[in-house]
Amino acid sequence: MRCTSALTSTAACIVAATAFSTALWAQEGGANAPWRGAGVKPCFGPEGGSFQCPAPAGVVAIRAGRLFDSASGQMLTNQVLVLQGERIAEIGSAAQVKIPADAQVIDLSQATVLPGLIDAHTHMFNPPKAGMSREVSTLIAIHNLQADLRAGFTTARDMSSHGNGYADVEMRNAINEGRLDGPRFKVSGRGIVWGPAIAANVPVNPLASTRITSAEEGRAAVREHAERGVDWIKLFPGGAYSFTPTGDVNYVTTYPLDVLQAMIDEAHRLGKKTGCHVFGGDGLKNTVAAGCDTVEHAFGLTQEQADTIVAKKLAYDPTLQRYIEPYMDDNDNKNTGGKYRMIPIFEKAVQTAAATKGLKIMVGSGADGSTYAHGTQALDFEMLVKHGGLTPARAIQGGTIINAEVMGWLDQVGSIDKGKYADLVAVSGDPLADITELQRVKFVMKGGKVIRNELR
C-alpha cells in the first residue's frame with residue numbers, strides 16, 4: 001500500500017496504512033503466524049508497541065549471609081533461596097535447602113538480603129510547568145519510576161498524578177505488560193478535591209484533580225476513578241496550616257464530614273481503598289471518624305486519634321522526611337518571625353503513633369521530584385528511626401510487610417516466603433545496626449530479574 005497522490009493527507013495515509021497492516025496481519029494468521037519481520041519475533045503490547053519478550057523461566061539460587069525476616073523482625077543467617085522464574089520456590093538454612101544442579105547461583109553470602117522495599121506514597125509525575133508537553137512530563141515520570149526501582153523500591157503506591165490525569169494508570173499497565181521496567185504499582189489517578197464550582201464558561205482541565213462541591217458529586221467522582229481503572233482513591237480532607245499569634249495551629253478543613261463519608265463509602269462499595277491527605281484539626285478528626293483506610297501525614301495526630309486508628313483497623317503513613325525538610329522551617333520562620341515551628345509538632349505526632357500498641361505505621365516518602373528526589377526514599381527509614389521513635393526492625397517492617405498488607409498484596413510481596421514474587425534487595429552491612437545501610441542498596445531483583453548487582 002502506498003500514498004502516491006500529493007493531495008492525499010497525512011491522516012488519510014495513516015488510516016489507510018493502519019487498515020492495510022491490520023488486513024495483512026489477519027491474512028497471515030495473526031499472532032500465531034510465522035514471524036516475517038526483522039530479527040527474532042518480539043512481543044507486542046495491546047496498542048501494538050513491540051518489546052523484547054521475557055526470557056524463559058530458569059532456576060536461580062541465592063546464598064544469603066544474612067536475611068531479614070520481615071514477619072518476625074529478626075535477622076536470619078546462612079540462608080538459601082531457590083527461585084523458579086519470578087517466584088520463590090524454596091527458602092531455608094543452607095543445611096536444609098539443596099541448590100539444584102542446574103541453578104544459576106548468585107552469591108550474596110557477604111551481604112544482607114531483604115524483601116524488596118515498598119514506598120506507599122509516591123508522585124511519579126511532577127506537577128506540569130507552564131508549557132510543559134505531555135511527552136516531557138511522561139519522560140520525567142519514567143525517569144522517577146526507574147530511579148525508585150534501582151534504589152530497591154520494587155513496589156510503590158502512587159498517590160495522585162499531580163495534574164497528569166490518569167497517566168499513572170497507563171504507566172501501571174505498561175509495567176504489568178512487561179513493556180516498562182518499574183516497581184509493582186498501585187495508582188490513584190487524578191485525586192478528588194473540594195470546590196468551589198467552576199463557572200460554566202470556564203474550560204475544565206481534564207488532567208487536573210476532580211473538583212467537587214457536594215456528596216453526590218463526590219460519589220460520581222469516585223465512580224469515574226474506578227471506571228478509569230485506579231487502584232486507590234486519593235482524597236484531600238485537609239489542606240494547609242498556619243500559626244496564630246499565640247502559637248496555636250490552624251488547620252484548613254475541606255470536605256464536610258458527610259461528603260467525606262459518602263466518598264469513602266462509595267469507594268468501599270466499589271472495592272477500592274482510600275488514602276487521605278490531611279494535616280490536623282477537624283479534617284483529621286473527620287478522616288479518622290469516616291474510616292479512611294490510610295491516614296497520610298497527620299501533623300497534629302493525638303493519642304485519641306491514634307487509638308481510634310487502631311480500633312478501626314486503619315493505617316498511618318506519616319511521610320516523615322518530606323515534612324521535616326529545611327524548607328518547612330524556612331516557611332515557618334517567614335510566617336511567624338521565627339517564633340513557631342511545625343517540625344517538632346509533627347515529630348511528636350509520629351512518636352505518639354510509634355508508642356501506640358497495634359498501630360500500623362507505613363513507610364511512604366511523598367517523593368515528588370521537587371524537594372524530595374526519587375531514588376532517595378530510603379531516607380525515610382532513617383528519619384522514622386532517628387526522629388519518629390521506631391526501631392530499625394519496625395521501620396523496615398513498615399516499608400515491607402506492613403505496606404504489603406495495607407496495599408492488599410500481602411500474598412505477593414513484603415516478605416521472603418515460598419510462593420511470593422522474588423523481589424529482593426541486598427546491602428553490604430546490617431541495617432538493624434545501621435539503618436542508613438538502606439540508602440546504599442547494592443543489589444535489586446524484581447520478579448527474579450536482576451535489575452542491579454554491585455555485589456559480584
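The values are calculated or read from the model by the stated rules, or taken from the named source; none is laboratory data. Keep in mind that what you see is a predicted model, and the values were worked out from it rather than measured. Please note: Cβ atoms are built from the backbone with ideal geometry, for glycine as well, and neighbour counts cover all protein chains shown. Note: accessible area is taken over every heavy atom of the protein model, side chains too, but ligands, DNA and RNA are not part of it. Shrake-Rupley method; radii C 1.70, N 1.55, O 1.52, S 1.80 Å.
Numbers below:
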quantity: 3 or more residues out of contact with any His (no Cβ under 6 Å at 6 or more places or on another chain) and surrounded by fewer than 24 Cβ atoms within 10 Å (Cβ to Cβ): qualifying strands (runs of 3 or more DSSP E) within the stretch 400-456; calculated: 449-453
quantity: Any hit, the stretch 90-112, residues being under 30 Å from residue 187 (Cβ atoms), touching a residue at least 12 places away in the same chain (Cβ under 8 Å) and over 19 Å from the mean Cα position of the chain (by Cα); calculated: no
quantity: Positions within the stretch 313-355 being open to solvent by less than 10 Å² (accessible area, probe 1.4 Å), of a type in the set (D, E, K, R) and either over 26 Å from residue 245 (Cβ atoms) or touching a Ser or Thr at 6+ places or on another chain (Cβ under 6 Å) (or both), in sequence order; calculated: 317
quantity: Condition met for residue 19 (loosely packed, with under 13 Cβ neighbours inside 10 Å, of a type outside the set (D, E, K, R) and at pLDDT 90 or above); calculated: no
quantity: Single condition residue 156 does not satisfy, out of (1) aliphatic (A, V, I, L, M); (2) open to solvent by less than 50 Å² (accessible area, probe 1.4 Å); (3) over 15 Å from the mean Cα position of the chain (by Cα); calculated: (3)
quantity: Residues that are open to solvent by 80 Å² or more (accessible area, probe 1.4 Å) and either of a type in the set (Phe, Trp, Tyr) or within 20 Å of the chain's Cα centre (by Cα) (or both), drawn from the stretch 195-251; calculated: 228
quantity: Filter result (part of a loop (DSSP other than H, G, I, E, B), open to solvent by less than 30 Å² (accessible area, probe 1.4 Å), of a type outside the set (Gly, Ala, Ser) and over 30 Å from residue 53 (Cβ atoms)) within the stretch 160-194; calculated: 190
quantity: Verdict on residue 305 being touching a residue at least 12 places away in the same chain (Cβ under 8 Å), open to solvent by less than 60 Å² (accessible area, probe 1.4 Å) and more than 25 Å from residue 153 (Cβ to Cβ); calculated: yes
quantity: Residue in the stretch 116-126 that is closer than 30 Å to residue 209 by Cβ, in contact with a Lys or Arg (Cβ under 7 Å, 6 or more places away or on another chain) and modelled with pLDDT under 95 present; calculated: no
quantity: Matching residues, the stretch 249-275, being of a type in the set (Gly, Ala, Ser) and in a helix (DSSP H, G or I); calculated: 262, 267
quantity: Residues within the stretch 270-292 that are more than 18 Å from residue 320 (Cβ to Cβ), open to solvent by less than 40 Å² (accessible area, probe 1.4 Å) and not polar (S, T, N, Q), tallied; calculated: 6
quantity: Filter result (farther than 14 Å from residue 422 by Cα and either surrounded by 15 or more Cβ atoms within 10 Å (Cβ to Cβ) or in contact with a Leu (Cβ under 8 Å, 6 or more places away or on another chain) (or both)) within the stretch 77-91; calculated: 77, 79
quantity: Conditions (1) among the charged types (D, E, K, R); (2) within 30 Å of residue 394 (Cα to Cα); (3) assigned to a loop (DSSP other than H, G, I, E, B): number failed by residue 41; calculated: (2)
quantity: Options 375, 369, 337: the member that is at positive phi, out of contact with any strand residue (DSSP E or B) (no Cβ under 9 Å at 6 or more places or on another chain) and in contact (Cβ under 8 Å) with a residue 40 or more places away in the chain; calculated: 369
quantity: Any hit, the stretch 395-417, residues being closer than 22 Å to residue 348 by Cα and charged (D, E, K, R); calculated: no
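Results for (1) more than 16 Å from the chain's Cα centre (by Cα); (2) surrounded by fewer than 16 Cβ atoms within 10 Å (Cβ to Cβ); (3) within 27 Å of residue 455 (Cα to Cα), shown as yes or no for each residue.
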| site | (1), (2), (3) |
| --- | --- |
| 75 | yes, no, yes |
| 117 | no, no, yes |
| 123 | no, no, no |
| 131 | yes, yes, no |
